[in-house]
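Please read the structure below before turning to the comments.
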Amino acid sequence: WYWQKEKREPYVKFMEANYPPGFSYEDFGPLFTAEFFDPNQWADILKASGAKYVVLTSKHHEGFTLWGSKYSWNWNAVDVGPKRDLVAELATSVRNRTDLHFGLYHSLFEWFNPLFLEDATNVFKTRKFPTSKSLPELYEIVTKYQPEIIWSDGNGNAPDTYWNSTGFLAWLYNDSPVRDTVVTNDRWGVGSICTHGGFYTCSDRYNPGHLLPHKWENCMTIDKRSWGYRRNAQLDDYLTTEDLVKELVETVSCGGNLLMNIGPTHDGRIAVIFEERLRQMGAWLKVNGEAIYGTKPWRAQNDTVTPEVWYTFSPEGGKVNAIFLNWPASGTLDLGEPQAKLGETQVKLIGYKELLKWVALGEKGMAIALPQLTPKELPCQWGWTLQLTDI
């Protein structure tokens, strides 16, 4: 897109300097080799990350499908490049080795597909592209791989009527093999985003910082600048684990899910830096998972007195979780939101045995004495959870 459509200078120059004259995008097909792709290893990393679902990009805006689609002749991973059905392999490994829900991302439109460009020229009065390519592919991936999430994207500035989104969704929810388990997002044509859908995505890297009345998802990238893999990325282009924990906590306290994107390499690897980030998130969730999984938003999302404190509510034990991202130098954490009851309210630091001492601060609020711990004794490194009962 940057090279062929927007013709951005750095991209044009890079292609001229590093590839033979006349090299086309299609020539990248055979260079996508995936020789190191090990779906079992991917599944193990995903499981270790503490994630509950995974969404694989089955086809992006350039139309190359990661399965041997009948509707993408000679422009798919079985005919060209890896010569493997990457969707099937990952689906099998995820289902055999983890309890993650398996989802698929699918782009409705394709930047340079001549049929799509023809329909666009006709102001979408003709529907050659969706009827011969996009919709048949969607039916194909659902029937073949039975994904539990369909993550649609790329409306190409066309209305949902052009895509026949309602027709497809009616089939998906009533007659498809996943009708009882599937969830979908909100990108089904112009005007549907943040308005219609099982969960809203609203925009890329969406993190409103306040409660929304509908389930939503913050879909963001560990590499701050890219959804793909960049060979020339610098260390500070990647979010730190501290950044990622903060993103997760803010998102969940406001009623959202976090979908954290990584770009794999052309030879099929999850880069070591991404693996480390995922495993560190998993280590954090091993300790603090009860403040994240199965929680609901509380009446307050963040604290009014101390910044960087976010709340979630665990309906099972009626516990309020206060996740604080900075350990106070004073050893005392002041919370402005909880209303404590003398002799009834209990405060526990997840990962530490003894109950904590606290005093009420007037009608509302409390000061909590944190234990004096050495770095080795801390339950985790990046953000800690206080569990408040009878609050």
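The values are calculated or read from the model by the stated rules, or taken from the named source; none is laboratory data. None of these values were measured; they are calculated from a predicted model. Here the Cβ positions follow ideal geometry from the backbone for every residue, glycine too, while neighbour counts run over all protein chains shown. Ligands, DNA and RNA are stripped out before the accessible areas are found, and what is left, the full protein with its side chains, is counted by its heavy atoms. Shrake-Rupley method; radii C 1.70, N 1.55, O 1.52, S 1.80 Å.
Over 21 Å between Cα atoms, which of Lys47/Lys224; Lys286/Lys341; Lys286/Lys348; Lys224/Lys286; Lys5/Lys224 qualify? All intermediate terms of the calculation are to be shown ahead of the outcome.
Numbers: Lys47/Lys224 23 Å; Lys286/Lys341 30 Å; Lys286/Lys348 17 Å; Lys224/Lys286 25 Å; Lys5/Lys224 23 Å.
Flagged as over cut-off: Lys47/Lys224; Lys286/Lys341; Lys224/Lys286; Lys5/Lys224.
Provide the per residue accessible area, probe 1.4 Å, for the range 271-391, rounded to a whole number of square angstrom. Kindly include the intermediate steps, with their values, before the conclusion.
Working: 6310 Å² over 121 residues.
It amounts to 52 Å² per residue over the range 271-391.
Counting Lys and Arg as +1 and Asp and Glu as -1, each charge on the Cβ, what is the dipole of the chain about the Cα centre in debye, to the nearest 20?
On the way: 39 positive and 47 negative charges, 48 e Å.
The calculation lands at about 240 debye.
Looking at the square roots a ≥ b ≥ c of the eigenvalues of the Cα gyration tensor of the range 9-289, which shape do they give, rounded for a/c under 1.5, prolate if a/b is larger than b/c, or oblate?
Cα axes put the range 9-289 in the rounded bin.
Would you calculate a helix-derived [θ] at 222 nm for the chain, using -39,500 (n - 2.57) for each DSSP H run of n ≥ 4 and dividing by the full residue count, to the nearest 500? Don't skip to the end; give the middle numbers.
Numbers: 9 runs with 95 residues, N = 391.
Rounded to the nearest 500, the figure is -7500 deg cm²/dmol.
Take each of the peptides 143-154, 354-365, average the number of other beta-carbon atoms within 10 Å over its residues, and list them starting from the highest.
Working: 143-154: 19.9, 354-365: 13.2.
My ranking of the peptides, most packed first, is 143-154, 354-365.
Please compute the modelled spin-label separation between Ala360 and Asp175, points set 7 Å along Cα→Cβ, answer in nm with one decimal.
About 6.2 nm, to one decimal.
Residue-wise, which Karplus ³J(HN,Hα) couplings in Hz belong to the range 18-25, taking 6.51 cos²θ - 1.76 cosθ + 1.60, θ = phi - 60°, and x for glycine or proline?
Per residue, the Karplus-derived 3J(HN,Hα) values read 10, 10, x, x, x, 5, 10, 4 Hz.
What aspartates and glutamates sit close enough to Lys364 to cross-link, taking a C-alpha to C-alpha distance under 20 Å and skipping anything fewer than 8 places away on the same chain?
Answer for Lys364, where 20 Å is the Cα cut-off: Asp303, Glu308, Asp334, Glu337, Glu344, Asp390, listed by chain and number.
Taking all protein chains as present, what is the carbon and sulfur share of the accessible area of the range 113-268, in % to the nearest whole number, probe 1.4 Å?
The nonpolar share, carbon plus sulfur, comes to 53 percent.
So if R0 is 22 Å, what FRET efficiency would Glu242 and Lys348 give, r being the distance between their Cβ atoms, rounded to the nearest 0.05? Provide the component values of the computation, followed by the final result.
Numbers: r = 23 Å, r/R0 = 1.06.
The computed FRET efficiency comes out at 0.40.
Strictly under 4.7 angstrom between C-beta atoms: which cysteines of the chain have no such partner?
Unpaired cysteines in the chain: Cys219, Cys254, Cys380.
Which of the three applies to the range 296-389, rounded, prolate or oblate, going by the alpha-carbon gyration tensor with a ≥ b ≥ c and a/c under 1.5 meaning rounded?
Details: a/c = 1.36, a/b = 1.28, b/c = 1.06.
The shape class here is rounded.
Percent antiparallel among DSSP beta bridges with both residues in the chain, to the nearest 5? Provide the component values of the computation, followed by the final result.
On the way: 27 of 49 bridges.
Counting DSSP beta bridges with both partners in the chain, the antiparallel share is about 55 percent.
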